[in-house]
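The structure appears below as structure tokens.
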Amino acid sequence: MLLSPDQTRHLYEHAALHHYAVLAVNADSPGAVTDCLIAAAECGAPLIIETSLWQLTGHSYGAGDACLGLDRYLAELLLMAASKRFQSVPVVFHTDHIKGPETVRILEHAIRSGASSVSLDSSELEPQENISLMSALCAYAETAGLPVTLEMEAGVDDGVTGLDETRTLFGEVERRHPGRLALWAPGVGTRHGLDADLGGFSPEAVRQHQQLASDLAGRPIGIALHGSSGLSRGQLQDAVAAGVTKVNWSSESLLIRSQSARAYFAENGAALEKGAPGFKAVAMDHGMQSFISQRYVPKVVERMQVLLGSAPLPVDFDSAGGNLE
Ligand SMILES: [Zn+2]
């Protein structure tokens, strides 16, 4: 089932209270979304499906129009999440790395359309711009009478963010619009991409930021971890133990899927000759997507199990007083 913004805030708080993290897959095709749902159902885990500007405007979704892309992405996810097979999986739809002049227009559209939680890419923003944009989204939701759940970020690729930035950025938006923020994404020494040096990853920074953000908000605030692709199993466990509740996963996911596609064509190339037996079964999208799925789903399951830590399975939201029905 697709979670509303209020249910999503409850899920993020539940994760912070019960010391587990939810895998947030930057899924860039319908096949990837299906595979993540299969993995989550197998694990009894909640799932965050997130999309960035490059998927919304990409060929498989908006083909140049980000808002159209969001509508298509969300409509497909809503159908799949409500289906009999996946209705027991709590699914969050999150916007990730939205940036540029259209940021507010796209995110207002996302809020209006029922996105579970939203965030924007602050990497090219001055601190005051970051605060202003987050405040504008809160003000929009309040004026329109819509629920909104937000992740705020600062310097996710720039080493370890100082605690003073948590006070001035996160603290300021919380002061202006109490109760809207549910996740804080400071820099904790990770970097986006596959060839990044992650020697600087600091669970201690996670711990300190998590405590301070929770103190500022007066409720449990989890840390969202960007750039997790290069982290070892042990580092992920340390991250979760320190207060990470959302783990973004993109580069490694893309690598597994694209290398599987390459292997598919390497193994089945002969069938793509004109007149070859079995041509259609190999040529159709289903053939390749099924091949990728067999290799990809076990990797997603493995990562979800690491992040779940000692969470009760299936994750029992009722134990925290929540009701997802
Ligand atoms: Zn990111």
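Derivation of every value follows stated rules applied to the coordinates shown; laboratory data play no part. Here the structure is a predicted model, which is why all the values come from computation and not from measurement. FYI the Cβ positions are ideal-geometry reconstructions off the backbone, even for glycines, and counts take in every protein chain you see.
Note on the chain: antiparallel DSSP beta bridges, both residues inside, total approximately 5 percent of the bridges counted.
Here r is the Cβ-Cβ distance between Arg176 and Glu102 and R0 is 25 Å; the resulting FRET efficiency, rounded to 0.05, is 0.60.
Selection among Ser4, Ile111, Ala27 by position relative to the dipole of the stretch 1-114 gives Ser4 as farthest towards the positive end (Cβ unit charges, Cα centre).
Can you tell me the FRET efficiency between Leu68 and Gln305 if r is taken as the Cβ-Cβ distance and R0 is 51 Å, rounded to the nearest 0.05? Mind dumping the intermediate values first?
On the way: r = 36 Å, r/R0 = 0.71.
The formula returns an efficiency of 0.90 here.
What number comes out for the charge environment of Leu231, summing +1 per Lys or Arg and -1 per Asp or Glu over other residues with Cβ under 11 Å away? My count for the surroundings of Leu231 gives +1. Positive contributions from Lys and Arg (+1) and negative ones from Asp and Glu (-1), summed over other residues with Cβ under 13 Å from the Cβ of Arg167, come out at -4. When shorter helices are ignored and each DSSP H run of at least 4 residues is given -39500 (n - 2.57), the per-residue value for the chain at 222 nm works out to -15000 deg cm²/dmol.
By the count of other C-beta atoms within 10 Å, a proxy for reagent exposure, Tyr12, Tyr20, Tyr264 are ordered fewest to most as Tyr264, Tyr20, Tyr12. In plain terms, the chain from Leu255 to Gln211 could stretch by 12.4 nm, reckoned as 0.36 nm per residue minus the Cα-Cα distance.
Legend: calculated FRET efficiency, Lys280 to Glu124, from the Cβ-Cβ distance at R0 = 35 Å, rounded to 0.05, equals 0.15.
For the stretch 107-114, the Karplus equation 6.51 cos²θ - 1.76 cosθ + 1.60, evaluated at θ = phi - 60°, returns couplings of 6, 4, 4, 5, 5, 5, 7, x Hz by residue, with Gly and Pro reported as x.
Could you identify which residue out of Pro90, Pro186, Pro101 has the top mean-square fluctuation in a GNM of the chain using Cα springs shorter than 10 Å? Its mean-square fluctuation being the largest, the pick is Pro101. Between Pro127, Ala139, Ala45, whose Cα lies farthest towards the positive end of the dipole of the stretch 36-157 when Lys and Arg beta carbons carry +1 and Asp and Glu beta carbons carry -1, centred on the Cα centre? It is Ala45. The spacing between the stretch 54-92 and the stretch 168-214, judged by their C-alpha centroids, is 27 Å. Looking at the stretch 103-230, what % of the alpha carbon pairs are farther apart than 24 Å? Value for the stretch 103-230 (Cα pairs over 24 Å): 26 percent. Rounded to the nearest Hz, the phi-derived 3J(HN,Hα) couplings of the stretch 203-220 under the Karplus curve 6.51 cos²θ - 1.76 cosθ + 1.60 (θ = phi - 60°) are x, 5, 5, 4, 4, 5, 5, 5, 5, 5, 4, 5, 5, 5, 8, x, 7, x, where x marks glycine and proline. Just grab the label-to-label distance for Gln237 and Ala82, each label 7 Å out from Cα along the Cβ direction, in nm (one decimal). Once both label points are built, they end up 4.1 nm from each other. Contact order for the chain, expressed relative to its length and based on alpha carbon pairs under 8 Å spaced 6+ residues apart, stands at 23 percent.
Evaluating 6.51 cos²θ - 1.76 cosθ + 1.60 at θ = phi - 60° for every residue in the stretch 115-121, the Karplus couplings come out as 4, 5, 8, 9, 8, 10, 8 Hz, glycine and proline recorded as x. Counting charges near Glu142 (Lys, Arg +1; Asp, Glu -1) among other residues having Cβ under 14 Å from its Cβ returns a value of +2. Kirkwood-type hydrodynamic radius, the chain: 20.0 Å, calculated from all non-identical alpha-carbon pairs. Among Phe93, Phe265, the ranking by other beta carbons within 10 Å of each residue's beta carbon, starting with the fewest, stands as Phe265, Phe93.
Taken about its Cα centre, the stretch 1-103 carries a charge dipole of about 200 debye when Lys and Arg each add +1 at the Cβ and Asp and Glu each add -1 at the Cβ.
A crude spin-label estimate for the pair Arg167 and Met1, with each label 7 Å from Cα along the Cβ direction, gives 4.2 nm. With the largest listed first and rounded to whole Å, the semi-axes of the equivalent ellipsoid of the stretch 11-122 from the Cα gyration tensor are 23, 17, 11.
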